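The values are calculated or read from the model by the stated rules, or taken from the named source; none is laboratory data. Owing to the predicted nature of the structure, the values given are computational and were not obtained by experimental measurement. Glycine also receives a Cβ, built like all others from the backbone with ideal geometry; neighbour counts cover every protein chain displayed. Areas reflect the complete protein model, heavy atoms only, side chains present, ligands, DNA and RNA absent. Shrake-Rupley method; radii C 1.70, N 1.55, O 1.52, S 1.80 Å.
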Amino acid sequence: MATDGADPRAPHWFDFAKVNDLPNEWRFDVLNWDDDPDEDVVDRGEAEITDGEHRIVIVTWLVERDRTHDRYYSVAYETINQDGEPEPLAFYLGSTSSIARNNAGHARDCLEADDGEPHVLVRHHDHGDGERETFEFPNEYLAEEAADLQVRLKLDHDDRDYLVNVFPKDEWEQRIETERELGAASGGGRDV
């Protein structure tokens, strides 16, 4: 059975929704809510805080326990990958609503007060083919926070085989352009 997030086991959505009552540009909306008591995860919700330009995604899920419920909240900032598509990259993971709410507010405040330059997080994969992914952030702080999390995830999961770096967007675009020029020059030499 699907609900709109007003499930009595999801009271934290109302805490997040208080954003809508504040005099600011941000709005909180529940995107979806799934409640299936036959699944291991008995309910799962996704919501967003957005100002129309930046988007912070909040995901929560409830897992049945023998004696209690453990609910987890994930706050993620939606980034743009190298193909120009939005891709959520986790900003913080918390096990209480207050932690998630504080970090959502911190990310929002960081965006509102920011006068910095866009940065990219680059994940270099170790497949021998030089594969890499780039994720754009509106400022260095959010990029560094995401990089720290990616490093922690790598340490906890042996199947993650990437290196993580953060660069100013302009600097990274210049590196890409230099690589293209060098590739074209060396490719042209081989064709002669």
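Tabulated values for the structure
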| read-out | value |
| --- | --- |
| In the stretch 28-77, the residues that are more than 17 Å from Ile99 (Cα to Cα), buried (at least 16 other Cβ atoms within 10 Å of the Cβ) and at pLDDT below 75 | Asp35, Val42, Asp43 |
| Unmet criterion (only one of (1) assigned to a loop (DSSP other than H, G, I, E, B); (2) within 30 Å of Glu136 (Cβ to Cβ); (3) modelled with pLDDT under 80) for Trp13 | (1) |
| Subset of the stretch 134-148 [touching a residue at least 40 places away in the same chain (Cβ under 8 Å), closer than 18 Å to Gly94 by Cα and open to solvent by less than 20 Å² (accessible area, probe 1.4 Å)] | Leu142, Ala146 |
| Strands (runs of 3 or more DSSP E) contained in the stretch 73-192 and holding at least 1 residues aromatic (Phe, Trp, Tyr) | 86-94, 132-137, 162-168 |
| First in the stretch 152-166 and surrounded by 13 or more Cβ atoms within 10 Å (Cβ to Cβ), second anywhere and of a type in the set (Lys, Arg) and part of a strand (DSSP E or B), Cβ under 7 Å, 6 or more apart | Tyr162/Arg123; Val164/Arg123 |
| Count of the stretch 94-127 residues which are touching a Ser or Thr at 6+ places or on another chain (Cβ under 9 Å) and free of Cβ contacts under 8 Å to residues at least 24 places away in the same chain | 1 |
| Hey, His125 surrounded by 13 or more Cβ atoms within 10 Å (Cβ to Cβ), modelled with pLDDT under 85, over 29 Å from Ile49 (Cα atoms) and not assigned by the TED database to the domain that holds Ile49 or not | yes |
| Residue in the stretch 104-111 that is in contact with a strand residue (DSSP E or B) (Cβ under 8 Å, 6 or more places away or on another chain), modelled with pLDDT of 80 or more and exposed (fewer than 12 other Cβ atoms within 10 Å of the Cβ) present | no |
